[in-house]
Amino acid sequence: MKATMGQVTLDLLRTVRNVRYLIFTLGIPVGFYLLYGAMYGSNRIFAHTLWGAYFLVSMATYGAIGTALNVTGAEAAQERAAGWQRYLALTPLTGAQYVAAKIITALIANLGVVILLTLVAGLRGVAVFTLPVLPAIFSVWLGSISFAALGLWIGQVLNSSTASYGVVVLYLVLGFLGGLWTPLSILPPIFAHIAWYLPSYAAASLGWAVLAHHSETLRNLGVLAGYIIVFGGAGGLLYARREFRRE
Amino acid sequence: MTTMAIECRGLSKRYGAYPALSNVTIAIPEGRTVAILGPNGAGKTTFIHLWLGLLHPSEGICFVLGRSPRDAINEGLVGAVLQETALPSLVTAAELLTQIGRFYRRPLPVKDGLALAGISELASRRVDRLSGGQRRRVAFAMALVGQPRLLFLDEPTESMDLDAREAFWHQVGVWAEHTGRTVCFSTHNLSEAERYADDVVVLSRGTLAAFDTPGQLTRGRGARVRFRASESSARALSARLGVNVRALSERNRFEATGADLDALLRAVVSDPACSAFEPVKDSLEDAFRDLVGRHDSQAEGGMML
């Protein structure tokens, strides 16, 4: 545990000083939230809840995806390319501890966007403490473990130059197709079919379901668990495969 | 019984059909400073990565401090400075060492780690803003922070100037003074091996060519005289004196080896077919060339007169 927390602290120190974290995890989601709130009005009813609460869940999810891709994924790809993971392989930090550290770091980093958005929403007049906003956003936060798993895998398969473009494309694609920018209900039905398989939609709709007191929670949990098992497992195995060929 | 820092038995590694390392058996006792030498492609990196647990052997077995390499790493007994260790960005040297220390059971206080690596003044500097030499020192401090019993340094002083090299080896010496601490380093700089290593491991073509002290390796190779002659004259000289004469890479240049330098020199000089004489002083470099060269000629069935 001590070793894991060492890696977590190291990663957190780097995350809060990372411009990509400030832009993709905090800046863009909060900016979008303010923009869409101003455009549609926070207190308009949407999907059986207030738009200000609905879009809070969307943007918290989006921020968490920003962390997974631009911090967890891009950083891990760079670390791998630069030989840092090879160094770690020569320390007592095990592969499992490395994987755990990356996920814990992402969860703590995501607290940043969760808290910031909740404050902004409160300041804009959304009743964040009386509506089920807190449990909704908590579900999203837990669901973001699946993004971290995806980010971990990306960090192990992409090289550092493809990672920097790949993650931005994924950031946009997962956001749009997951219905985080524009609710799926106002898009052509084909988008809803795609969204069903995306972790961005699964995590956000956990939150939306809490807000609206209904819905496909089990299915969403299944999708999220699938991402955690497949990508977390693959990422962890790739990391643990210590036969680095050289010479 | 002395614990062996590194013990390998019949260690081999093949990449496909290519044998990178063949049947290496060696036991390096604890408390020594050991240089690992070999030309490029001799299997040095493969050998090192095998006992660092970064590679699995195709055959054979190796132990580090009486354990599997993986266990030795997991118990924090090994510290390593690899050549291409890139440090994470956006953290200071002290932050980095503090957190890495938490990977280990009994970490060195960060202050001591920085002091041992001679970089106390860099504690609060961001590691991504340091010079190459300073970053190398940070990597050295990272290797020491877990208080390892075996320290591995991969071409540690490459790209250091002479003063920096001296200072670095002084610091390694201070660290290694502690009883039982073993230092292994790879280098292409033979004078460095001669100066700082207790033992030298020479690898050539994937096999162990020698494992001895630098003194033993350079000594006892007999007196040698180099000279210019035609091949037939050299052959005749060899037959007449009953000494070993071998061709050097330079055309028409040979080296005679005998027991006594004075006698050998007199005999060679008095032969009118020979010219451009040069008595050879033993150095590790010559010993190394011999070892590696002999290996090469054996492997190729090359010319030995």
Give the list, by residue number, of cysteines in the protein assembly as shown with no other Cys Cβ closer than 4.7 Å, or say none. B:CYS184, B:CYS274
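Any idea what the relative contact order of chain B is, in percent, if you count C-alpha pairs under 8 Å spaced at least 6 apart? Before the final figure, lay out each step's value.
Numbers: 567 pairs, mean separation 57.9, N = 305.
Reported relative contact order: 19 percent.
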Per-residue HN-Hα couplings for the stretch B:99-115 [Karplus 6.51, -1.76, 1.60; θ = phi - 60°; Hz; x = Gly/Pro]: 6, 5, x, 6, 6, 10, 6, 10, x, 6, x, 4, 4, 5, x, 5, 5
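For the stretch B:37-125, what relative contact order do you get, as a whole percent, if you take Cα pairs closer than 8 Å and at least 6 residues apart?
Details: 47 pairs, mean separation 16.2, N = 89.
Relative contact order for the stretch B:37-125 comes out at 18 percent.
Report the net charge of residues surrounding B:PRO279, where surrounding means a beta-carbon distance below 13 angstrom and charges are Lys +1, Arg +1, Asp -1, Glu -1.
Numbers: positive: B:ARG224, B:ARG226, B:ARG266, B:LYS281; negative: B:GLU255, B:ASP260, B:ASP262, B:GLU278, B:ASP282, B:ASP286.
Neighbourhood net charge equals -2.
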Mind running the shape call on the stretch B:222-281? Use the C-alpha gyration tensor, a ≥ b ≥ c as the square roots of the eigenvalues: rounded below 1.5 for a/c, prolate if a/b tops b/c, oblate otherwise. rounded
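FRET efficiency for B:ASN40 and B:SER232, Cβ-Cβ distance as r, R0 = 30 Å, nearest 0.05?
Numbers: r = 36 Å, r/R0 = 1.19.
E between B:ASN40 and B:SER232, to the nearest 0.05, is 0.25.
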What percent do you get for the relative contact order of chain A when only Cα pairs under 8 Å and 6+ apart count? 26
Taking θ = phi - 60°, what integer Hz values does the Karplus form 6.51 cos²θ - 1.76 cosθ + 1.60 yield along the stretch A:38-55, in sequence order, with x for Gly and Pro? 5, 6, 9, x, 5, 9, 6, 6, 8, 6, 6, 8, 7, 4, x, 7, 4, 6
Loop-exposed trypsin sites (Lys or Arg not before Pro) per DSSP, neighbour cap 12 Cβ within 10 angstrom, longest uninterrupted part of chain A: A:45-240
Area of B:GLU121 that stays accessible when all protein chains are in place (1.4 Å probe, Å², to 10): 130
Rounded to the nearest 10 Å², what accessible area does A:HIS214 have for a 1.4 Å probe in the complete protein model? 100
Putting +1 on Lys and Arg Cβ atoms and -1 on Asp and Glu Cβ atoms, find which of A:ALA68, B:SER58, B:VAL24 reaches farthest to the positive end of the dipole of the protein assembly as shown. A:ALA68
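In debye, nearest 20: dipole of the stretch B:1-121 around its Cα centre with unit charges on the Cβ of K, R (+) and D, E (-)? Please report the intermediate quantities before stating the final value.
On the way: 11 positive and 9 negative charges, 52 e Å.
Around 240 debye, computed over the stretch B:1-121.
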If you project the alpha carbons of the stretch B:1-152 onto their three principal axes, what span does each projection cover, largest first, in Å? 48, 35, 23
Solvent-accessible surface ranking, highest first, for B:SER249, A:SER185, B:SER120 at 1.4 angstrom: B:SER249, A:SER185, B:SER120
With loop defined by DSSP as not H, G, I, E or B, and exposure as at most 10 other Cβ atoms within 10 Å, which is the longest segment of chain B clear of exposed trypsin sites (Lys or Arg not before Pro)? B:1-250
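The values are calculated or read from the model by the stated rules, or taken from the named source; none is laboratory data. Remember, predicted model here, so these are calculated numbers, not experimental data. Don't worry about glycine lacking a Cβ; one is built from the backbone with ideal geometry, like all the others, and counts go over all protein chains shown. These area figures cover heavy atoms from the full protein model, side chains too; ligands, DNA and RNA do not enter into them. Shrake-Rupley method; radii C 1.70, N 1.55, O 1.52, S 1.80 Å.
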